[in-house]
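All remarks here apply to the structure that follows.
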Number of protein chains: 2
Amino acid sequence: MGPLRVGLAGMGTVGQGVLDILERQAALVARRAGRPIVVTRVASRRRRDDVDIGAATFSLNPLELVAADDVDVVVELMGGTDTALDLIASAIAAGRPVVTANKAVMARHGNDLLATAQAGGVPVLFEASVAGAIPIIGSLRHGLAANAVTSVAGIINGTSNFILSAMTAGADFSAALAEAQRLGYAEADPTFDVEGIDAAHKLTILAALAFEMPFAFAAVHCEGITRITPEDLRSAARLGYAIKHLGIARQTPAGVELRVHPTLIPKEHMMAHVNGVMNAVLVRGDAAGDTLYCGPGAGSLPTASAVVADLIELARGGVPVHTRSEPVPAVLPIAACSSAYYLRIPSLDRPGVFARLATLLGEHAISIASVEQRGEEVHAVEGRAWVPVAIITDRVQEHVMDAALAALAALPDVVGAIVRMRVEEFTHD
Amino acid sequence: MGPLRVGLAGMGTVGQGVLDILERQAALVARRAGRPIVVTRVASRRRRDDVDIGAATFSLNPLELVAADDVDVVVELMGGTDTALDLIASAIAAGRPVVTANKAVMARHGNDLLATAQAGGVPVLFEASVAGAIPIIGSLRHGLAANAVTSVAGIINGTSNFILSAMTAGADFSAALAEAQRLGYAEADPTFDVEGIDAAHKLTILAALAFEMPFAFAAVHCEGITRITPEDLRSAARLGYAIKHLGIARQTPAGVELRVHPTLIPKEHMMAHVNGVMNAVLVRGDAAGDTLYCGPGAGSLPTASAVVADLIELARGGVPVHTRSEPVPAVLPIAACSSAYYLRIPSLDRPGVFARLATLLGEHAISIASVEQRGEEVHAVEGRAWVPVAIITDRVQEHVMDAALAALAALPDVVGAIVRMRVEEFTHD
């Protein structure tokens, strides 16, 4: 069998990482792949004379890779969803295998793309689209294949995790964001990261693989990290929790929960110790139990490591089958999802307040797991003293909590907006 | 393609777990494998009427599986190295694929077995032999295939980790061992676990895969956990470290380090938070950087999860190639390995002692990274007061430390046996 000939679209950091690995580790890659892997063509919408592409042919038109007779696989590393989608769809239509790191395209168009690919027997591999270097897609496809996966929970946006780690160390949101931007961890427009959209893309892909369900990006409940305050981080810490931005996918008898949001997790759990730009994914399987995968979620060589792993798999001849279980599970609206909650209630500093808060929660069948009332944190509003009361509840459905919060807000004791965040103890199914 | 027909040898907890998964998740397994996987024969050296083997034929002779005309793959879950080795070798010789969880057989006989298997094109899969449910072998073979792995460090013996976790919480070694035995985590004869032999088996397998080198069990430096005292755990904690039993394989320019021993690791590192019977493996790759894999290292269903994953891979038709890099690396003797060290030196409580200890270490070109001298821990020996001086050194070769320790022991200030443990900061290559 001859070499596997790669047409590479995109010369950004990941594309450069792929060129680097395939050149520097050519012998290792050939040994493991069973044959050499060589880049024959490189395409990019703008010329990059600073990047060494060896003997490869350069083109300004990525779509030329699809019909080129010296390309066996198209590697899409352009990002975005316009030309990238065109390129991937055209390659599949032409029967040409694809490797991509593009989470947005897979999350939003994966159903159509994979349906065409399956019909044509065309391999489409996308290990690099989730959690960079961590082989989480491979682990779901292969190592955990004997398991019915019941839940996946991941720290899958390094920018958000970096910002939350910095805020836990004392920075406020805007200072932490500025530092992330200075270090190249956040874009000038950080919306995709800090509003949770990037994490929702990745969660969509994880759920599709873990639960053998369609890509359901539009159904993901998505909250970012922009409203988390240093006060909440400190209050959570005193109650024994870290705040992390999690993507959670969970099987329930009523349907699948798909949600991305800030989450309190117990300090003793390993997920609480994933800091900076590191990613981590916790998978609960019915046989394996909880297995956890951590590593760099982004960066040139870590992401390229995943791209080249896909190329090696392809060169070996393993065509992954994207299986689907029947019936297709319903995705629950957020109101029907269940969670424990953290509440931070600005309450008048007067006798009987906590009893009234607790009574009201009890009337909504919400149990209190723990409470922190800080006497020293007395504030004033319109001349009256108030204190934040922080409460961790047991697990309830979100619509129950919504109703309780509306009732709480109407209490004369409550003097400001209530903060509400979900809590994940990782103890139940 | 017809079903993959399994001949299962061994009806212990793992064998029962495999029967359970293949029966309960038959549809899921068939979907992912592309065809059904059915157990047609079960063999065990003693009859087990309490185990449901469905429609499978039972035999008291595992070797009958090799020639049976209704068996496509032999699954060896007997343990031990006598009949198990016979069975695996016979199956390979007969051209029959093998799946095994047997780390002792693979670590001690893997070179011969895989050489014969490669020559005959016979797949031999052993994901379950290391770290139970954690797909670490799959991750090394597939997800990290683009990497030159520079080091692997694992908490790969759950029994030792359980005992050390219990000791960190205050128990002494014998109480912790008794508790592990009561819970079924330790054998009546715990030698294999607490002396590090089981971990050395697993490290041998990890190194063979990570470095594409021969199985080199005989060359592994192996120390267990039996000499760790509660005093050392407390002293390490005060210096900012946890003590874990690690298997470490590291590439160096001079050769490969292969060593199993108690190790101080920084409390901030995620490996320090792997507690109880959990396993974890940290892999450093030249592209991926550090990736970490955690999960249950033993147990019926977790281990069976790995066995069935191998069966699914086999059913799909992927035959793993065991690659070898050239030249074969030398394994360094422990005297040539490099490490930072923790020293606990019982020293007379008198002026100038620490200066003399530090001077002597300096004469051996050993730098001190941190020190803890506890005034309150004054002991008495032969009527003279002494204190334990705890020191963390920078990295040196073991033979340098051996010479320094001999010189330290000869100092009049030193009044008892010096404790020496290796320290792993995970910061260097």
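Summary table below
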| quantity | calculated |
| --- | --- |
| Neighbour-count order for B:HIS269, A:HIS245, fewest beta carbons within 10 angstrom listed first | B:HIS269, A:HIS245 |
| Stretch gain in nm, segment A:ALA93-A:LEU411, where the contour uses 0.36 nm per residue and the Cα spacing is subtracted | 108.4 nm |
| Chain A: calculated mean residue ellipticity at 222 nm from DSSP helix runs of at least 4, using -39500 (n - 2.57) | -10000 deg cm²/dmol |
| DSSP beta bridges in chain A [antiparallel fraction, %, rounded to 5] | 70 |
| For segment A:360-421: relative contact order, % (alpha-carbon pairs under 8 angstrom, 6 or more apart) | 34 |
| Pseudo-label separations to other copies for B:GLY2 - Cα-to-Cβ vector, 7 Å, nm | 3.9 |
| Electrostatic dipole magnitude of the protein assembly as shown [Cβ: Lys, Arg +1; Asp, Glu -1; Cα centre; debye, to 20] | 460 |
| Computed FRET value (nearest 0.05) for B:VAL51 with A:VAL328, which takes r as the C-beta separation and R₀ as 22 Å | 0.05 |
| For the protein assembly as shown, with +1 on Lys and Arg beta carbons and -1 on Asp and Glu, the positive-most of B:ALA89, A:VAL256, B:ILE392 along the dipole | B:ALA89 |
| Length-normalised contact order for segment B:4-129 - Cα pairs under 8 Å, 6+ apart - percent | 24 |
| Relative exposure of B:HIS322, A:HIS273, B:HIS201, judged by other C-beta atoms within 10 Å (fewest first) | B:HIS322, A:HIS273, B:HIS201 |
| Given charges at Cβ of Lys, Arg, Asp, Glu: segment A:4-129 dipole, positive-most of A:GLN16, A:ALA26, A:VAL98 | A:ALA26 |
| Beta bridge orientation in segment B:139-296: antiparallel %, DSSP, nearest 5 | 95 |
| By average C-beta atoms within 10 angstrom, highest first, the peptides A:342-350, A:172-180 | A:342-350, A:172-180 |
| Dipole moment magnitude, nearest 20 debye, segment B:139-296 about Cα centre, only Lys, Arg, Asp, Glu C-beta charged | 320 |
| Choice from B:ASP198, B:ASP402, B:ASP69 with maximal GNM fluctuation in chain B (Cα, 10 Å cutoff) | B:ASP69 |
| Amide H contacts of A:ALA148 (H built 1.01 Å from N, under 5 Å, at least 5 apart or other chain) | A:ASP286, A:ALA287 |
| Segment B:296-395: GluC sites (Glu not before Pro) in DSSP coil with no more than 10 other Cβ atoms inside 10 Å | B:GLU376, B:GLU382 |
| Neighbouring partner chain Cβ atoms per residue of A:306-317, average, 10 Å criterion | 4 |
| Cα long-axis angle, helix A:300-316 against chain A (0 to 90 degrees, to the nearest 10) | 50 |
| Residues A:ASP193, A:ASP50, B:ASP72, sorted so that the one with the fewest Cβ neighbours within 10 Å comes first | A:ASP50, B:ASP72, A:ASP193 |
| Beta bridges by DSSP in the protein assembly as shown, antiparallel share as percent, to the nearest 5 | 70 |
| Test item: Cα-centred dipole of segment B:4-129, Lys/Arg +1 and Asp/Glu -1 on Cβ, debye | 220 |
| Shielding of A:127-134 by partner chains, average beta-carbon count, 10 Å | 3 |
| Top of B:GLY255, B:GLY317, B:GLY17 by mean-square fluctuation, Gaussian network on chain B, Cα under 10 Å | B:GLY317 |
| Radius of gyration and Dmax over the Cα atoms of segment A:337-423, both given in Å | 12.3, 40 |
| Position B:ARG234, label points 7 Å along Cα→Cβ, spacing to each other copy in nm (shortest first, one decimal) | 3.4 |
| Cα-based reach from A:LYS267 at 27 Å (exclusive), listing lysines while leaving out same-chain residues under 8 positions away | A:LYS202, A:LYS244, B:LYS244, B:LYS267 |
| Shortest-first distances to equivalent copies, position A:GLU64, nm, label 7 Å out along Cβ | 6.8 |
| P(r) of segment B:4-129 over all Cα-Cα pairs, binned every 5 Å from zero, in whole percent | 2, 11, 23, 25, 20, 13, 5, 1, 0 |
| Peptide-level mean, for A:294-305, of C-beta atoms on other protein chains within 10 Å | 5 |
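Each reported figure results from applying straightforward, stated rules to the coordinates on display, with no laboratory input. Since we're looking at a predicted model, the values are computed, not measured. Counting neighbours? That spans all protein chains shown, and the Cβs are built from the backbone with ideal geometry, glycine included.
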